């Protein structure tokens, strides 16, 4: 016996089957257990579908949703408002001109008619739309286009591995258009104006696409924190992150861009994130995470809670000097301050947290209070000194040796040198190794052992030889330090 | 100096009793012009319809907020292209369908669907229903939406519009912008597949 197709039971329920067919179907179900069960199931499913139809729409957080919608459309709404107001403004401005034109035209017509003169060509009653040609006046010579001055800059902070162009970053360098800053396991800060600086975070690359008084455009792969307290009048500042851009409307923000995923956090002022034709403003204290596959149109910035905001603000501190006399003048009036501290020790300079571990910081000439862990000391910085003023922790509870190893790695640029020589042979190579360094009480290197090799034995050997032959430490405690070295 | 206030000659959107005072066309025109109050009015008038449409197609309120927002953002951006040759509700329906289609397509590439446990809580008479019957109804509904998960997104849309929303073939063709014959074919196969699965599902009495 042939069974009935299940959708026929739905048709029967819906009254879409002719009466003879309905009788036949019912008779079949009475004699067929399978079809009878199928009919019952279909009937129940149809009842469920009917209940969905009758159910009211779900209740959502309408106000919250409305607020999200407000955010999503705010930029575009403002643009439309501006356009609308612009059009109205044009009409308002044009109205007096049109009125005068009409008055002049009617005056001319009245004079012609009063003179009884019938002109050969009828005089138009409306003034011609083409404006009268002004008496020939000497065309003014075009104003000379002055070149926009490039921005001056100075490196204010270096921690770990960082390069400007192909060279290891040093404090005396300045930035020019086209320069690329690259960081490994380090950070670098560059100041380019009064309370204006950029901090390039670890494993990041920043290209200075434009860098002058009118335009500052940074192209970012990785993360940067930007502080812009005072911008030049009319200066455009944008961070390009893949296909998207972040335009600055205010002051302190961080942009992270990793393989198309964008994360923007703002602690002061506001920025506009632009994705194609879409634009969304992110005010402080808010952040916006935008995955590569997502569209800006459906996103809203999320608020940063107060506690997290403080943490974020501290993490986004961009080291810079408080006055900006210009790049060269700053280099002359300041010098670098080298701080050597264990990796996780928080270092505060002049009451302001700067970073953890070892780093080099630009400081104005004078005396500065450096606090690292439980230790603090005044350090004198000499005006324009070639050698950095130094602060080295000697905390009894915390060995000074790990910090000193960091300082030596930073000073010698061993990782860059060994890594670069390997990359010449096989471009794109990189990795990390763990070494153990024994340091004697007199500061000499006792031994260097590879605890975990990298995939490049040549690089491992280069780094070990370099440490053994070149590293020297001040007299202190005898210690063994393990370090992971990334190249 | 303070700028003098500009008198707005446009009629107010709402009458004193709160009812709509301007027609659809005027509302759309003002939304296009960037009048925030008009867009808020548009959102208020249509939010329940949009949420209901999406909800019935997807049977899932997990991301409903996001999807409703997406529909309104798309509507806001597309208003300039709304020519008024279709009803506003049909146009909005069309956006809902496209958003739901996108969601269904991405869902099929992602995690398994969430349970539809909360669907019945929205029915009007649900409070009066006995607990065991309520549970039974909920299970039946879960079974229905679980079965719908097996339909291809385009078939599912057509099926929901026909079997739940009660729209006829012509209306569906207008919404999904497909020829009548295509819609009819999709519906035929969707119904066949759906009811076959319902009839054959293991573990149901």
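For the stretch A:454-469, a tally of residues being surrounded by fewer than 15 Cβ atoms within 10 Å (Cβ to Cβ) and either at pLDDT 85 or above or out of contact with any helix residue (DSSP H, G or I) (no Cβ under 9 Å at 6 or more places or on another chain) (or both) returns 6. Against the numbered list (1) within 9 Å of chain B (Cβ to nearest Cβ); (2) surrounded by 16 or more Cβ atoms within 10 Å (Cβ to Cβ); (3) farther than 30 Å from residue B:74 by Cα, residue A:12 comes up short only at (1).
All told, residue B:144 falls short of being facing chain A (nearest Cβ under 10 Å), closer than 16 Å to residue B:58 by Cβ and at pLDDT 90 or above. Within the stretch A:342-357, which residues are in contact with a helix residue (DSSP H, G or I) (Cβ under 9 Å, 6 or more places away or on another chain) and either exposed (fewer than 14 other Cβ atoms within 10 Å of the Cβ) or in a strand (DSSP E or B) (or both)? Listed by number, the residues that qualify are A:343, A:353. The residues of the stretch B:54-65 that are under 13 Å from residue A:60 (Cβ atoms) and either crowded, with 22+ Cβ neighbours inside 10 Å or not assigned by TED's automatic domain parsing to the domain that holds residue B:88 (or both), listed by number, are B:54, B:55. Evaluated against (1) within 13 Å of chain A (Cβ to nearest Cβ); (2) under 18 Å from residue B:57 (Cβ atoms), residue B:188 falls short on exactly one condition, (2). Where strands (runs of 3 or more DSSP E) fall entirely within the stretch A:406-487, those with at least 3 residues that are more than 21 Å from residue A:160 (Cβ to Cβ) are at A:445-452. The residues of the stretch A:324-341 that are touching a helix residue (DSSP H, G or I) at 6+ places or on another chain (Cβ under 8 Å) and surrounded by fewer than 18 Cβ atoms within 10 Å (Cβ to Cβ) amount to a single one, A:325.
The values are calculated or read from the model by the stated rules, or taken from the named source; none is laboratory data. Predicted, not measured: the structure shown is a model, and the values here were computed from it. With ideal geometry, Cβ positions are generated from the backbone for all residues, glycine too; neighbour counts draw on all protein chains shown.
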